[in-house]
Structure formats: C-alpha cells, structure tokens
Amino acid sequence: MDFSFLPDLQSLGIEGATVLMFAMLLLLLLTGMPLAFVTLLVALIFALGWFGPTALPLITSRIFSFVNSFVFVAVPMFVLMAAILDRSGIARDLFDAMKVLAGRIRGGVAIQTLLVAIVLAAMSGIIGGEVVLLGLLALPQMLRLGYDKNLAIGVCCAGGALGTMVPPSIVLIIYGLTANVSIGELFTSAFVPGFMLALFYATYILFRAYTNPALAPVADPEEMSTGEKLRLLKGLFLPILVVIFVLGSIYGGIASVTEASAIGVVGVTLSTMIRGEFSRKLLMGAAGQTLRTVGMIVWIGIGASALVGVFNLMGGIKFVSALIQGVSEEPIVVILFMMAILFVLGMFLDWVGIALLCMPIFVPIVKDLGYDPVWFGVVFAMNMQVSFLSPPFGPAAFYLKSVVPDEISLGDIFRSLIPFIGMQILALALLIMFPGLTGH
C-alpha cells in the first residue's frame, strides 16, 4: 500500500512532532470520537509518518504484550463481582443492617451510607455501580428525613467513589499492570490512605451534623426487638465474609490478585444463591455489563499501548521526561508538577486513559527521582479520586445524576462535592508530605 500521502514527520523533530501529536489528540477528542479509537488513529498516523510501514508489526507486538498479561484477568473478575452486586439485594440488606450499627447518632444515616460504601468498595472496587446504588438506596432516605440536600448528595457521590482507593481497586490494578509493580503491594499500601479518606468524610459529616443540627435531623427511633436486630445484622454476614476471603487471601499470601478475584466472584455468586436471588437473567445481565465495561478498558488499553509504544520509539518519552525533570532541581517540585498534570487531565479524560498514557512516562521519572513507584501508585489513585468528582466531567456526578429526582441539577451535585474535593486534596497532600502513610 502507498503511504506517500503522509507527511515526513521526522522533519518536524521530536519537539514539533510531540506538539503535533498532542494537538491532534485534543482535536480528535473534541469531535466526540472515543479515546480508544483516537489513540489508535494517532498512533497509526505517527508510526507511518515517522517510520513507514515497517513500524506496524512493532505496534501489534506492543498491543499483544498488554492484552496477554495474566494479572489483567483480575479486571473482568472484579467487574463481574460488581455487576452481580448491582443486580442482587445484597447492598440493600447491607444498608438496612447498618441501621443497627449507626444507631441514633446525629447524621447516622449519612454515616450508615459511608459504611455501606466502604464495604461495597472492599467487595468490588468499581465506582459507577456504587454511586448509583447509594443514589437509589440512601439519597431518598436522607432527603425524606430532612437532611441538607448538599450533604446528602456529597456523601453518596464521594462515598461511592471510595472504590478508587479501597482495595481491590481497579485503578490500582491498571496502574500495577502499566508500571510493572506488585498489585498486592499496591493494595497493602492503599489500605491506610483509603480508610484515612473515609475517616475524613465521617469526621466532616459528624462535625456538620453536631454544629448545625438542622442539617442532619435524627430519625424517629425505631423500636426493634433483639430478633429484628439479629435479622438485620445477618445482612452483614455474607458481604463481610466475601471481603475477608478476597482481601484476606491477598494479604495472607494465600492467593494472587487474579486468584482472589475469582474467589470474589464465586463468593458473590454463592451469596446470591443462598439468598435465593440467583437466576439465568441475573447472570446474563451481569455478564453483559462486564463485557461492555471490560471491552471499553481493553480498547482504551490497546489504543494507549500503541500510542505510547510509537511515541517511545520516536524518542518522545525521553524528551518529555527531560522536559518534566527540567521544571526544577527539587524532586518534590517535579512530583507536584506531575500531580498538577494528572489533575488537569482528570477533568477531561477517563482514568484508564490517563493511567495507560501517562504512567509509562511518569513512573521512570519517579524512579529516577528516588521515589517508590508503589507510593506513587497510591498517590495517583488519590489524585484520580479528585478527578472522579471534579467538574466539568466528574463521572461520579453524572452517575448520580442518572438516578436523582429531576429537581436536583448537575450544578447542585458539583456544588455539593466542593468540601469533599477539598478533603481529597488534603489527603493527597498528606500522602505526598508523609509517604510513610503508605508503608513506603
């Protein structure tokens, strides 16, 4: 095939080619074309324009090495867990059971919602389903009780997004694949920061509730017999058992992340069987949702792998690394500059694309600066927490908007998230200032 119509991109030099590449990416994304196809198209144009047709086999080998990774099997497994959870009544029973634990404290329903969010995050690590579940279960109840609208919305959105930080997080799995670091170590390192962020949220809820009681009225006490309390608490048993088996097998060194993800699917499936909810319709619906989600992740991964591979062959990664490291001689300033880049990208791009496009460039710089890539992975996940909530394209806000009453606008949701974004930035700052929080 004749590719002579393509310009000789080598004549631009690596500086000009890098600017052109990012300009082309931006323009194509603005057309509404999916990120996966944009990256593949740009990779193809630059491979042919810089190297000619001989470079095409190099792209295919790069893509194959990405999709052939054994650890990648964990992604569809954890997505399938989340999809089965979405369709079962486990989350609803979990929410009811938390009534007993949250008690009659002021802001109890919000704390109850946060506890449910933590357990769901520890079961699946997928934020979309969690935000929708909390929006359907908890938000109507808080609004009915007279909770402040902004507080109720913020708790559902920010709590649902905790799946980014609390293991088993899909964000950490994709980072581990891209940065070639142990996913088990990432999970262990993210444990304390994830719960620290949840503690920030809980403290904020209680502070607001007790300093301004009108924001979070106490629900009328429900007289419950001991038998009723035990019946409700049974709803905690199966989800917590699944969490113990999944995370316990990873932390105990009994199973790899991939094997633990399979244990999780078996655990959630058995839970639906014990509850009498398992059906062919549930399984087919969960499988279809898993295929759509994983298909999106794989296609973005293929496009990003191809683009990063071509850019690396052009010498672009060395150029960008030198550019970033040239910002300052102080390593911490370079790290903060990278955080700023990720924060801005997070406003416009999906986290999968950010991880797969940026980490091959950022992680070698982090190592050169003397920082631990495991610590950086946790910091990256915390940064992505902010991107899930921040305007204009915070996905958590759009997930919640899909299930809230019409009178709650997208603007209302984003305004409600401002204090929670502030807490996420505080947690991010603490992780950068005190790397020991991750154990690294």
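How big is segment 11-88 in terms of Cα radius of gyration and Dmax, in angstroms?
Cα radius of gyration and Dmax of segment 11-88 are 17.5, 59 Å respectively.
For the chain, what does -39500 (n - 2.57) per DSSP helix run (n ≥ 4), summed and divided by total residues, give at 222 nm, in deg cm²/dmol to the nearest 500?
-24500 deg cm²/dmol
Pick from 284, 314, 339: which residue has the top mean-square fluctuation in a GNM of the chain where Cα pairs under 10 Å get a spring?
284
Within the chain, how many lysine pairs that are 8 or more places apart, or on different chains, have C-alpha atoms less than 20 Å apart?
4
Enter the per residue convex hull volume of segment 265-360, computed from alpha-carbon coordinates, in Å³ rounded to the nearest integer.
Spelled out: Cα convex hull of segment 265-360, divided by residues, is 145 Å³.
Solvent-accessible area per residue for segment 302-440 at a 1.4 Å probe radius, Å²?
38
Per the Cauchy relation, a quarter of the hull surface: what is the mean projected area of the convex hull of the alpha carbons in segment 302-440, in nm²?
Computed as one quarter of the Cα hull surface, the answer is 9.5 nm².
Can you tell me which of 114, 40, 58 moves the most in a GNM of the chain? Springs connect C-alpha atoms under 10 Å apart.
Comparing 114, 40, 58 in a Gaussian network model of the chain, the most mobile one is 58.
Ignoring ligands, DNA and RNA, what accessible area per residue does segment 132-202 give at 1.4 Å, in Å²?
For segment 132-202, the per-residue accessible area is 26 Å².
Can you tell me the alpha carbon radius of gyration of segment 28-69 divided by the globular rule-of-thumb value 2.2 N^0.38 Å?
1.30
Rounded to two decimals, what ratio of Rg to Rh does the chain give with C-alpha atoms and a Kirkwood Rh?
Reported Rg/Rh (Cα atoms, Kirkwood Rh): 1.00.
Got a number for carbon plus sulfur as a percent of the chain's accessible area, 1.4 Å probe?
Roughly 68 percent, rounded to a whole number.
The values are calculated or read from the model by the stated rules, or taken from the named source; none is laboratory data. A quick note: this is a predicted structure, and the numbers were derived from the prediction, not measured. With ligands, DNA and RNA removed, areas are computed over all heavy atoms of the protein, side chains included. Shrake-Rupley method; radii C 1.70, N 1.55, O 1.52, S 1.80 Å.
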